[in-house]
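Contents: one structure, followed by commentary.
The values are calculated or read from the model by the stated rules, or taken from the named source; none is laboratory data. The structure displayed is predicted, hence computed values, not measured ones. Reconstructed Cβ throughout: ideal geometry from the backbone, glycine too, with neighbour counts over all protein chains shown. Note: accessible area is taken over every heavy atom of the protein model, side chains too, but ligands, DNA and RNA are not part of it. Shrake-Rupley method; radii C 1.70, N 1.55, O 1.52, S 1.80 Å.
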Amino acid sequence: MNSIWSDTVSLPAFEPLGRDIKTDVLIIGGGIAGILSSFMLEEAGVDYVLVEADRILSGITKNTTAKLTVQHGLIYQGLVKRFGKERAKMYLQANEDALNEYRSLCQLMDCEFEEKDNYIYSLSDRGKLEREVRAIKQLGYSAEYVSDLPLPFATAGAVMVSGQAQFHPLKFLAEIAEDLRIYEHTKVQELEQSTSGIVAVTAHGIITADKVIVATHFPFINKHGSYFLKMYQDRSYVIGIEGALKGNGGKGSSILNGMYLDEAQKGLSFRTYGDYLLLGGGSHRTGKQGSSWTELEAAALRYYPKSKVNYRWATQDCMTLDQVPYIGQYSARTPNLYVATGFNKWGMTSAMAAAMILKDMVLGRENPYAPVFSPQRSILRPQLFVNGFEATVNLLTPTKKRCPHLGCALKWNPQEHTWDCPCHGSRFTEKGEVIDNPATGDIKNKD
């Protein structure tokens, strides 16, 4: 079940930590957010190390669809309403800066960076699309409504933003990571505050750091920040189809000249990679029943009947209360502990924005976008009560299989043969071994 990215790249390898060390900044987590944060600190001349419990890029990053865009669904009309025009514009500008940073870095390497227009389409609601165009233009950015799309089904049109991009994420990150100070197979078992700094305990040595960045997808420290209340995880699926782009007698067009995403949660995502069409969808809350790859394979058969599915993979995303990531100080009581999480399915630009913001915070510099992403902003959003209700129900559900994170009842996922937590999204193998955090250990009761 490797992604197309994993199958087409060779990643650098790093030794485990073998001694006690001291550093100015410790970064925990070797996904895109951690690696980009390390890269930014390296460029700034900051003393840092990154530790990864397994291999770098072995988690969520390798399963992205790798779209680089400021257009994160039909988000801007909602952001203007919730936060006002100024902060909505700051969110857009932070992601535009991230896109431009990718554009600059990718010129120096072979990571198959391609400029593409991005389209958010709707099957039936043209009015929603037109309102989003107005919201984006109100923020001083260019967008337009388009009525004709090269998709294999009828739509009400789309919001198009030009000058966006797609790339091969692991080729990019493999080159970025090669000369960074990284220790693999080095799991942080405990974090403690001492007079000499923050102490990270691992099986291979102790790391003492002045500052720590937690970039572990879902934050694993429960006693600060209340991230277990502020987020849930959503699962979605991708298939790689060969033969769908050459006119195969089906309903599909032979030309997909951009990146496409349905504004509806249950809709389909399209992008190309070489001769492959990457078709995504099947979104559902982790631990809840979903269609897995079945829905996507049915769509491939319906729209591209002469194509062949050669890849299938799944990914998992942390979803925040208000569609904006949490980037900054981990909690009000932890001034030297930072976090980057809750990328809401848009981890590529969000991770780059996070790395740029956290670099400034570590250096004691003001970042103009930091207030938008502050983890200390209001949590009084409707999703908070949904998250609380889901957690309560699952805590009260009688079952032998309990999540070691906070004790929620685990649900069997028959498509992927895993035990999944509906509360916070931890996942485990059939034997009870942890796959996805926030859980940091295996299921204790494996009966």
*Tell me which residues come under 5 Å, amide H to amide H, from residue 47 once H is placed; ignore anything under 5 positions away on its chain.*
24
_Gaussian network model of the chain, Cα within-10 Å springs - most flexible of 278, 406, 92_ = 406
*Considering only protein heavy atoms and a 1.4 Å probe, what is the carbon-and-sulfur percentage of the accessible area of the range 88-226?*
44
*Solvent-accessible area per residue, Å², over the range 234-368 with all protein chains present [probe radius 1.4 Å]*: 36
*Dipole magnitude of the range 68-196, debye to nearest 20 (Cβ charges: Lys/Arg +1, Asp/Glu -1, about Cα centre)*: 900
_Give me the net charge for the shell around residue 321: Cβ to Cβ below 11 angstrom, other residues only, Lys and Arg +1, Asp and Glu -1._
+3
*Against the longest alpha carbon principal axis of the chain, how many degrees, from 0 to 90 and to the nearest 10, is the axis of helix 126-138 turned?*
60
*Once phi is turned into ³J(HN,Hα) by the Karplus curve 6.51 cos²θ - 1.76 cosθ + 1.60 with θ = phi - 60°, what whole-Hz value does each residue of the range 316-329 show in order, with x for glycine and proline?*
9, 10, 7, 10, 8, 6, 9, 6, 10, x, 9, 9, x, 5
*Measure nothing fancy, just the Cα-based angle from helix 382-395's long axis to the longest principal axis of the chain, in degrees from 0 to 90, nearest 10.*
70
*Taking all protein chains as present, what is the carbon and sulfur share of the accessible area of the range 385-447, in % to the nearest whole number, probe 1.4 Å?*
59
*Using every Cα-Cα pair within the range 103-217, state what percent have a distance larger than 18 Å.*
70
_Give me the dipole magnitude in Debye, nearest 20, for the chain about the Cα centre, with unit charges on the beta carbon: positive for Lys and Arg, negative for Asp and Glu._
1580
*Residues in the range 63-101, backbone N under 17 Å from the label point at residue 8 (7 Å along the Cα-to-beta-carbon vector): list them, ranges by number please.*
63-68
_17 Å Cα-Cα reach of residue 171 towards lysines, excluding residues that sit fewer than 8 places from it in its own chain_ = 62, 67
*What is the extension gain from residue 291 to residue 265, computed as 0.36 nm multiplied by their sequence separation minus the C-alpha to C-alpha distance, in nm to one decimal?*
8.0 nm
*Find out how many positive minus negative residues lie around residue 420, taking Lys and Arg as positive, Asp and Glu as negative, among other residues whose Cβ is under 9 Å from that of residue 420.*
+2
*Under a Cβ-Cβ cut-off of 10 Å, what is the net charge of the residues other than residue 28 that fall near it, where Lys and Arg count +1 and Asp and Glu count -1?*
0
*Cβ-placed point charges (K, R +1; D, E -1), dipole of the range 147-302 about Cα centre in debye, nearest 20*: 420
